[in-house]
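The values are calculated or read from the model by the stated rules, or taken from the named source; none is laboratory data. Remember, predicted model here, so these are calculated numbers, not experimental data. Backbone-built Cβ (ideal geometry, glycine too); neighbour counts: all protein chains shown. Surface areas here come from the heavy atoms of the whole protein model, side chains and all, with no ligands, DNA or RNA. Shrake-Rupley method; radii C 1.70, N 1.55, O 1.52, S 1.80 Å.
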Amino acid sequence: MAYRRTHTRIRPSIVHKRCTDVLHDPWYNKGTAFHLTERDRLGMRGLLPPRVMTFQQQIDRFMNSYRDLQHTTSDGPDDSLALRKWRILNRLHDRNETLYYKVLIDNIMEFAPIIYTPTVGLVCENYSGLFRRPRGMYFSAADCGEMVSMVYNWPAEQVDLIVVTDGSRILGLGDLGVQGIGIPVGKLDLYVAAAGISPQRVLPVMIDVGTNNQELLDNPLYLGLQQNRLEGEDYIAVIDEFMEAVFLRWQHVIVQFEDFQTKWAFKLLQRYRDHYRMFNDDVQGTAGVALAGLFGAVRAKGLPISDFVKQKIVIVGAGSAGIGVSNMAKKAMSSMLGDTDEASVQAAKQFWVVDKWGLVTKAREDLDPDASPFAREIEESEVEDGLQEGASLLEVVKSVKPDILLGLSGVGGIFSKEVLEAMRESTSKRPAIFPMSNPTKNAECTAEAAFQHAGDHIIFASGSPFQNVDLEDGKVGHVNQGNNMYLFPGIGLGTLICGARIITDGMLNAGAKRLASYMSDESVEQGIIYPPISSIRDITKEVAVAVLKAAIEEHVVEGYQDLSAKELRQMSEEEIETYVEANMWVPEYSPLVHTI
Ligand SMILES: NC(=O)C1=CN([C@@H]2O[C@H](COP(=O)(O)OP(=O)(O)OC[C@H]3O[C@@H](n4cnc5c(N)ncnc54)[C@H](O)[C@@H]3O)[C@@H](O)[C@H]2O)C=CC1
Ligand SMILES: CC(=O)C(=O)O
Ligand SMILES: [Mg+2]
């Protein structure tokens, strides 16, 4: 059966409530946009001011009040203004989801830094004080044995996407305990805005196993469990129970693990990835986005992608993100070199990994097994050149003269003036500097510092947004945002709508390659290696198409809704594109029909 998009009128939504109950339900509420016949039908005539507003008038009214806030408070501290912006958006989210997602999608450049990094970090830091009403579900160590029944407390019959955290490593801000719930909420907002996942079918989840953050435990307002984190088997038992519970109720759900501390991120990924439809965004999503950026940095030099194998890459940070990136980039190199054991050894030689104890080498005691493939064998000549176990970042950069310096350390400012100046000696004609840690205060350097100290010719990408930098002679230093938000929504959407049983490396690679090829040669030459956030919906669609096609090739599709795996396999390229687009939810009001 060939898949064709059928253009239908907006389908009505069936509601089982009336009057103020509808007005107080953010999913159905249209506020002043309920027209008069609908007000009659739902028993709400007289419950709203008489004038009926259009959707566009509502949008304009909201944007006017948002912009007024900016003008009236522009003298205040940045953090306080950011929180006020977040509050006004959050209140709209609480009142009217359709309007909220419409303004979010139409103004994604402006709102992404509020609902996502950096402001979401500030929100998490202050969550216990900011809390007004819950969003998502909270499973805690006190709920052991209850989770299978608890999942039925969630009102939606169908959940497509869960983003879950245990709050142990929120961005670069460390252990924020239950306050980390802001991250799943922000990531799922992007799922709705970028991938068109229906907001009725997303579920942010916090698994509270305690916190080791003493400041939070001492805070009388702290909303999480008042205990230290569970460890070992006790910890795993809680996560296992959660996974069993959600997959029992929603067999087709996708679970995205987010901001788990490194010591659990890899273990849980290995534990679940062959059995459940899940992935770890910090390990796998970040790796794909970084790889696309690394390919962009090669293209920006006017070189073919095959030259990637010659790049000298210094990665600062050997946690879930840094090692995830190193693994994927090494595999890509190894595959270009013939995919043999020898190729893998040769590829590893292109990487220098630096963590808080300095350069990681084979001489290190208690070498972390996840980092060991990147531990360098130091040769005599290199010692003379300043390289040895624990060499500082500056020593490494001076000695290696890398093509690419990529930070996933969570430590603000460690790409110091000296380190950036040392990048001027890079053997690359366009060195790449990627301070990818979040939020902004944890970025390894600012855009301005990078262009000022390392030179106008660099390629720059940061995890959190910075403004483009004005250079001399009217030139512009382009700032790219190297953030996993360019991949995870497409991974989720592509996986969902083909019913892939698991999420394979092939699917992740396909998404990363599509992102890498998205920008034209002309843009890449100007140093623009990632798409602007304003086109996130389009890039997400493209990534989803690539992920879906790879799932078909890897024989993991099981079908979605009334479309069988066989029908999916028979689709042409064009039909797949149409199919993906047709499955992206668009915020528009639908007629409400009341039944009992
Ligand atoms: N841009 C993006 O899309 C993403 C960014 N990130 C960011 O990556 C950062 C790290 O995340 P994880 O790997 O999960 O954290 P982690 O805490 O497990 O790892 C941090 C690593 O940095 C090293 N480190 C700490 N201080 C250092 C120093 N002074 N010099 C050199 N290395 C140092 C540590 O030894 C550790 O290996 C966070 O800030 C997070 O926001 C994470 C995922 C995606
Ligand atoms: C972007 C992201 O996932 C992080 O900073 O953890
Ligand atoms: Mg994360």
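Some observations on this one:
- Filter on Lys475/Lys513; Lys417/Lys441; Lys301/Lys541; Lys267/Lys362 - keep pairs with C-alpha separation over 26 Å: Lys475/Lys513; Lys301/Lys541
- Modelled FRET efficiency - R0 51 Å, Asp505 with Gln56, Cβ distances, 0.05 increments: 0.70
- Each of Leu221 and Glu146 was given a label point 7 Å from its Cα along the Cα-to-Cβ line. The distance between the two points is 2.6 nm.
- Only helical runs count toward this figure. For the chain, summing -39,500 (n - 2.57) over DSSP H runs of n ≥ 4 and dividing by all residues gives -12500 deg cm²/dmol at 222 nm.
- Angle between the chain longest axis and helix 232-249 axis [Cα atoms, degrees, rounded to 10]: 40 degrees
- Cα centroid separation - segment 553-596 against segment 373-416, whole Å: 48 Å
- Cα long-axis angle, helix 262-272 against the chain (0 to 90 degrees, to the nearest 10): 60 degrees
- Sites Val345 and Ser517, calculated FRET efficiency, Cβ-Cβ separation with R0 30 Å, nearest 0.05: 0.55
- Computed accessible area, His594, all protein chains, 1.4 angstrom probe, square angstrom: 60 Å²
- Efficiency of FRET between Lys267 and Asp366 - r from beta-carbon atoms, R0 30 angstrom, step 0.05: 0.95
- Just so you know, the Cα atoms of the chain work out to an Rg and Dmax of 24.5, 85 Å.
- When each of the peptides 348-354, 325-331, 336-342 is scored by how many other beta carbons lie within 10 Å of its residues on average, the order from highest to lowest is 325-331, 348-354, 336-342.
- For segment 422-439 versus segment 448-512, the gap between their alpha-carbon centres in whole angstrom: 14 Å
- The chain - share of DSSP beta bridges that are antiparallel (%, nearest 5): 15 percent
- On Cα atoms only, tilt of 286-300 relative to the major axis of the chain in degrees: 60 degrees
- Positive dipole terminus of the chain, leading residue within Ala422, Tyr138, Cys445 (C-beta point charges): Tyr138
- Of Glu425, Glu575, the order by accessible heavy-atom surface (1.4 Å probe, DNA, RNA and ligands excluded), from most exposed downward, is Glu425, Glu575.
- When peptides 218-224, 297-303 are sorted by average Cβ neighbour count within 10 Å, with the highest value leading, the order is 297-303, 218-224.
- Placing +1 on the Cβ of every Lys and Arg and -1 on the Cβ of every Asp and Glu, with nothing else charged, gives segment 89-193 a dipole about its Cα centre of roughly 280 debye.
- Placing +1 on the Cβ of every Lys and Arg and -1 on the Cβ of every Asp and Glu, with nothing else charged, gives segment 57-260 a dipole about its Cα centre of roughly 960 debye.
- Shape summary: segment 57-260 maps onto an equivalent ellipsoid whose semi-axes, from the alpha-carbon gyration tensor, are 30, 22, 12 Å in decreasing order.
- For the pair segment 317-368 / segment 128-201, the C-alpha centres are spaced 33 Å from each other.
- Listed residue (Pro369, His555, Thr286) projecting farthest to the positive dipole end of the chain, Cβ model: His555
- Modelled spin-label separation between Ser306 and Gln561, with each label point placed 7 Å from Cα along the Cα-to-Cβ direction: 4.4 nm.
- Among the lysines of segment 310-357, pairs at least eight places apart or on separate chains and with Cα atoms under 17 Å apart come to 8.
- Segment 486-596, dipole about Cα centre (Lys/Arg Cβ +1, Asp/Glu Cβ -1), debye to the nearest 20: 360 debye
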